[in-house]
Amino acid sequence: MARSHKLDRREFVAIVLAFLGSIMGVVVGLPAIGYLIDPATKTQKKEDWISVGPPENYPIGTPTLFSFTRTTVNGWEKTVNSYGVYITRWTDAVDDISAFSNLCTHLSCRVTWNEDEMGYICPCHDGIFDDQGEVVAGPPPEALQEYETKVEEDVIYIYFKEG
Amino acid sequence: MVLKVYTWLDERLGISTIYDLVLDRKVPKVNWWFTLGSASLFLFLIQAVTGVFLTVYYVPSPDHAYDSIQYIMNGVAFGWLIRGIHHWGASVMVIVVFAHMLRTFFMAAYKYPRELTWITGVFLLITTLGMGFTGYLLPWNQRSYWATTVGTDLVGTVPIVGDFLQAVLRGGTDLSAVTLARFFSVHIWFLPAVILILLGIHLYMVVKLGISSVPKEE
C-alpha cells in the first residue's frame, strides 16, 4: 500500500477540529441527555415486602386490620397513601396466614370485617365477601385482592402490590 | 459522498455565500477587545440553551418554584451543572456585554455609519439587564424575593405614574404568584423575542458595514 499521503495544514486543522468537536459534543451532549431522562431512571417499585408485625398481634381465626402508609416521591412532591390489609391466622401454624386488601373490588370503598355476618362488608353498596375474600353478595365483580405472605424471624410480611 | 451532499445543499441554500459574507468578511487588524461581541453572542446562546433545559423541571409558582429548583440542584442528573452555567453565565454575560459597550464607546466605534449598531446595542444591554432582573426573582428564595421587592419599590418613586408602574410590574400591590408568573413570562418569552430581533439587526449591521478599526493616535 504505502503510497504516503502528505497531510497538509488545512487537512490537519480539519481533522483536529473534528476530533475536538466530537469530544466537546459528547461532553456537552451526554449530560444534557442524562438531565432529560433522569426521572425515568428513578421510578419507584410499586410492590414490596411489608412488615405487618409479629403473629401475636393477630388472634387466631379473627381477621384483623393492619393499616400502613406508603410514600411515593415524584420530583419534589411526596404523596402519602394509606392502605389497609386484613390479616387472618387460621391456625397455630406460622405460615397458615391469609392477607386481604380492604379495598372493595367494586368501587374501592373500604370493607370491614363483621364478626356476626362472618364476612367483609362494604358500606357503600352492601357488597359482602366471605372470610376467604370470595364474593357472597352485592355488586363486587371479583374477590378481594389477596397478598402473598411469609413469616421471617417471628414477623409476618405481606407482598404488597398496588392496584 | 459528504462533498456531494454539501454541494447539493449549497447549490440550493447558498451556504458558501453566507459563509463568505459572514465569516470570511474582511476585518481590519484588531485586538482582543474586539472579541467581546462574539463572546456576548456565545454567552447569549449558552443562556438560551441552558434556560430551555431548566424549564423542563422549573415551575413558576410560589408553591413549587423553590422546591423545583432544589430538585434540579440535588435530584436531577447534571441539574447542578445546567443551573450552575445559567446562574454564573448570567453574571458573566452582564459583565461581557457591558465591557463590549465600553469598548465601543472608548474606541468611538458608534460613529457614522454605525449609529444603528450602537442604538440596537444599547437596547441589547438594557434587555440583558432586564433578563438579569427578571431571572433573579425566579428561584423564589428570600434573597430574590426581597431583591425584587426593593427593585420594584424603586419604580414606585417615579413621579405621578410611579405607583401605577409598580403595580404593573408586580401585577398588583404586593409581590405574589402573579409577579412570579409575569417575571417568568417576560424572562422566557418577551425579552428573548426582543433580544432576537435586536440581535438580528445588530449582527446584520456588523456584517453589512464591517467593523471599525482600532483608533490611531493623532
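Tabulated results
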{"read-out": "Candidates B:Val150, B:Val186 - the one that is surrounded by fewer than 15 Cβ atoms within 10 Å (Cβ to Cβ) and at pLDDT 95 or above", "value": "B:Val150"}
{"read-out": "Condition check for A:Asn81: polar (S, T, N, Q), within 14 Å of chain B (Cβ to nearest Cβ) and exposed (fewer than 13 other Cβ atoms within 10 Å of the Cβ)", "value": "no"}
{"read-out": "Extreme residue, farthest from the other protein chains (Cβ to nearest Cβ), among residues of segment B:5-26 that are loosely packed, with under 12 Cβ neighbours inside 10 Å and not in a helix (DSSP H, G or I)", "value": "B:Lys26"}
{"read-out": "Boolean, A:Gly138 is at positive phi and within 14 Å of chain B (Cβ to nearest Cβ)", "value": "no"}
{"read-out": "Subset of segment A:20-46 [surrounded by 12 or more Cβ atoms within 10 Å (Cβ to Cβ) and either in contact (Cβ under 8 Å) with a residue 24 or more places away in the chain or more than 14 Å from every other protein chain (Cβ to nearest Cβ) (or both)]", "value": "A:Pro39"}
{"read-out": "Of all residues making up segment B:66-101, the number that are over 22 Å from A:Gly25 (Cα atoms), assigned to a helix (DSSP H, G or I), facing chain A (nearest Cβ under 10 Å) and not hydroxyl-bearing (Ser, Thr, Tyr)", "value": "5"}
{"read-out": "Residue ranges of helices (runs of 4 or more DSSP H) in segment B:132-218 with at least 2 members in contact with a helix residue (DSSP H, G or I) (Cβ under 6 Å, 6 or more places away or on another chain) and closer than 30 Å to B:Pro28 by Cα", "value": "B:191-209"}
{"read-out": "Residue within segment B:48-60 that is under 22 Å from B:Thr120 (Cβ atoms), of a type in the set (Gly, Ala, Ser) and either surrounded by fewer than 18 Cβ atoms within 10 Å (Cβ to Cβ) or more than 10 Å from chain A (Cβ to nearest Cβ) (or both) present", "value": "yes"}
{"read-out": "Test: A:Gly138 is under 30 Å from B:Tyr58 (Cβ atoms) and surrounded by fewer than 19 Cβ atoms within 10 Å (Cβ to Cβ)", "value": "no"}
{"read-out": "Filter result for A:Arg110 (over 30 Å from B:Ser68 (Cβ atoms), away from chain B (no Cβ under 14 Å), among the basic types (Lys, Arg) and in contact with a helix residue (DSSP H, G or I) (Cβ under 7 Å, 6 or more places away or on another chain))", "value": "no"}
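The values are calculated or read from the model by the stated rules, or taken from the named source; none is laboratory data. What you see is a predicted model; the values in this text were computed from it and never measured. Quick reminder, even Gly has a Cβ in these numbers, built from the backbone with ideal geometry, and neighbours come from all protein chains shown.
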